[in-house]
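A short write-up of the structure that comes next.
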Amino acid sequence: MSLKDQIDIIKLPHHIAIIMDGNGRWAKDKGEDRLFGHFHGVESVRNIVEGCAELGIGYLTLYAFSTENWDRPEDEVTGLMELLVDTIRHEVVTLNKNNIRLHVIGNMELLPAAAKKELDDAIRETSANTGLNLVMALSYSSRWELTQAMRKIAQKVRMDQIDPDEITQETIQQHLCTAKFPDPELMIRTSGEYRISNFLLFQLAYSELYFTDTLWPDFRKENLYEAIIDYQGRERRFGKTSEQIA
Ligand code: IPE
Ligand code: IPE
Ligand code: MG
């Protein structure tokens, strides 16, 4: 039986989040510069987006660029932004063909104007699609997101729109960039690193974590299927006992 056939379609995660890591090491292994790795990472993005759309996954969040990544060498940052603009420009047709809706989370104010415009256009042009929701985390970090959520809530308290005694977990959730999305049931990180690196700290509270040594440019649908099968073999207890959820 193929890996894909081993997936239980009834128990699919609604939302998969991925920390796409290892582009630099992949390139270094081949004696190439880091941008070569990022360039090939785009092929993995295409393949995994297609894989999720085929399976009928509702949401796929891809961590593409963190707030901290702005501190990388200037030529890498510039190259990544150019790659982003080019990729989005070329992919909108495919996104529409596959009924995929693009969303972005992160601090868009830090993006170069050309990248921001390309993204805004792509978001608008795909906004009527009803299949997979593709969420790109760009210039994103969870601590930045939580900080801006706290600011928005504090401003509403000052305007008497929110009573501090009535702030609940839902209030916080509704002020995050991910307000419209369910929490990920499965979070995958490639490249053998076992950390969260400032990604969706609030939203990952009860996610199943899956780590693989595969470097992002080598990650393909088969690797995704393995992660989903592994996820489906786990028991999600949400603090309860095994007997309670049986
Ligand atoms: C992930 O690959 C892509 C980004 C963070 C933009 P890296 O560039 O972090 O690759 P490694 O971790 O150095 O191998
Ligand atoms: C996390 O990868 C961010 C993205 C994949 C976009 P990093 O490579 O930046 O994270 P660290 O530095 O290994 O924690
Ligand atoms: Mg890395």
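Only the coordinates and a few stated rules stand behind these numbers; no lab work does. Being a predicted model, the structure only gives us computed values, none of them experimental. Here Cβ is always computed from backbone atoms with ideal geometry, including for glycine, and neighbour counts include all displayed protein chains.
Structure above, values below:
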| item | result |
| --- | --- |
| Straight-distance crosslink candidates among aspartates and glutamates, where the alpha carbon sits under 13 Å from LYS97 and sequence neighbours closer than 8 are dropped | GLU50, GLU54, GLU125 |
| Gain in span if fully extended, ASN47 to THR94, counting 0.36 nm per residue against the direct Cα distance | 15.7 nm |
| Estimated FRET transfer efficiency (ARG151, GLN232; beta-carbon r; R0 22 Å; 0.05) | 0.05 |
| Contour excess over end-to-end distance, with Cα ends at VAL77 and LYS180 and 0.36 nm allotted per residue | 34.2 nm |
| Reachable lysines, given that their alpha-carbon falls under 25 Å from the alpha-carbon of LYS240 and they are not under 8 places away in the same chain | LYS11 |
| Estimated FRET transfer efficiency (ASP163, PHE202; beta-carbon r; R0 25 Å; 0.05) | 0.70 |
| Spacing of the two label points (7 Å from each Cα toward its C-beta) at GLU109 and GLU54, in nm | 4.2 nm |
| Compactness relative to 2.2 N^0.38 Å, alpha carbon Rg of the chain | 1.05 |
| Qualifying aspartates and glutamates (Cα of each under 13 Å from Cα of LYS180; at least 8 residues distant if same chain) | GLU170 |
| Förster radius 35 Å - calculated FRET efficiency between MET1 and GLU243, Cβ distance, rounded to 0.05 | 0.65 |
| Computed [θ] at 222 nm, deg cm²/dmol, the chain (DSSP H ≥ 4; -39,500 (n - 2.57); rounded to nearest 500) | -13500 deg cm²/dmol |
| Chymotrypsin sites (Phe, Trp or Tyr not before Pro) within region 124-233, DSSP loop, no more than 14 other Cβ atoms inside 10 Å | TYR194, TYR206 |
